[in-house]
Amino acid sequence: MVFEIVFYCWLAYLTLRRWRATSDPTKGCSKEGLSTGRQRRTGVAAAAGGSSGDAAGGADAWEVEGHRRRSGGPSALKQSLADAAQRGDASAAARLLRDCEMQGGQPGATSFNLAIRACAKSGDLTACEAWVERMEEQGIPPTSCTYNILMDLCAKTDRAELCEQWMRRMEERGMEPTTVSFATVIYAHARRGDMERAETWLDRMVASSTGPDVVAFNSLIHACSVRGDVAGAVKWLEQLRRLELQTSVATYTSVIDACAKSGDADGAQRWFGEMLEDGVAPNVVTYSAMIDAFAKVGDLPRAEQWHHRMTESGIAPNAHSYTAVIKACARAQTSDSSEAAERWLDRSLAAGVAADRQMYTTVIDACGKKGDAERAQRVFQRMRAAGIRPHVMAYGALALPFANRGDWVKLETL
């Protein structure tokens, strides 16, 4: 135990030093609370600046988008903005709007919302608020979509109080909160475990003209699943049923995921059966949750069976489902677990599913736990050859088998 603590402290130092030397600088988010006008204007300026540190897309993407917008008119502008929003490329979105204005165009609420969505996807709340201020300065009232984007970002970044502030601001502007608005605030509180506050907002939703909706209950159930709170997830599912609301694949998948995270594989299987009895068809996320459930308990044969059952039902696996089986290999620790992990990596590539950083790291972890240092190093090299930059967890998993056998010279060269 002492050896492992010393080893991991030493390893953390080495890998952090290597990581700092190769990683890109990250952008900070705004502080808690609504930003000042100056902060928001700075956010817009930064987004429109187009420095060498721009998000994916860069100058080449801007030239292509500019050509599409100039040749296709307003609809092409919106499509280019939608593309930038999908990528989370706030710089490209800002430049598109700026260029439109310079040519005498007047972007509408939809265009501004897409720019806000691009900033939200990159986690930049300050820039989001800047675009809202700019909309209002130009006489374009923010829409419910505008506020929902901001509230969603606050919820995902654990700013429940700020999420409520945006809800109140929405209501002060005379707008009726939508189902998504209520569901977002409910989720913001539920994900941090503040179920009392979440229930308060659910009661408000029920009393409003919006009324109860499955989206809000799914938000609560999903929040419980993130914490592995099976009892909480089941409680909300049962209440949803009592209100005779229609369950969905997201409803049951979240309950199954809660079981998986708590290590209750049998419970996950039981809820999968109830899902089928309710006439709800599972999707790839549901099957991945089932595989995760058996991976958690190290039951590789049953994890593989569920993957096979998914493909037999005509559902194409994705990177997450393959990674879930590989996790089962890492936990199973059978005589051929490291070999099985690499075999599943090969199956993913053969099926045309691109292996991502997490999949490669999980294979390396399986090899490392088995003490198969040479295979771990080979997979690590394959990862780098595929153009995927390893993160600290990959270095840690790779170093472990060499450290266990005392090969400190090799460790220094990794």
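Nothing in this text is a laboratory measurement; each read-out follows from the coordinates by a stated rule. What you see is a predicted model, and the numbers here were worked out from it, not measured in a lab.
Among rounded, prolate and oblate, which fits segment 225-330 when a ≥ b ≥ c are the square roots of the eigenvalues of its C-alpha gyration tensor, a/c under 1.5 means rounded, and a/b larger than b/c means prolate?
On the way: a/c = 2.33, a/b = 1.48, b/c = 1.58.
Oblate, because a/c is 1.5 or more while a/b does not exceed b/c.
Once the Cα-Cα distance is subtracted from the 0.36 nm per residue extended length, the Glu137 to Asp336 segment shows a gain of 65.2 nm.
With the Cα gyration tensor of segment 224-286 giving a ≥ b ≥ c as the square roots of its eigenvalues, does the rule (a/c under 1.5 for rounded; else a/b larger than b/c for prolate; else oblate) give rounded, prolate or oblate? It comes out oblate by the Cα gyration axes.
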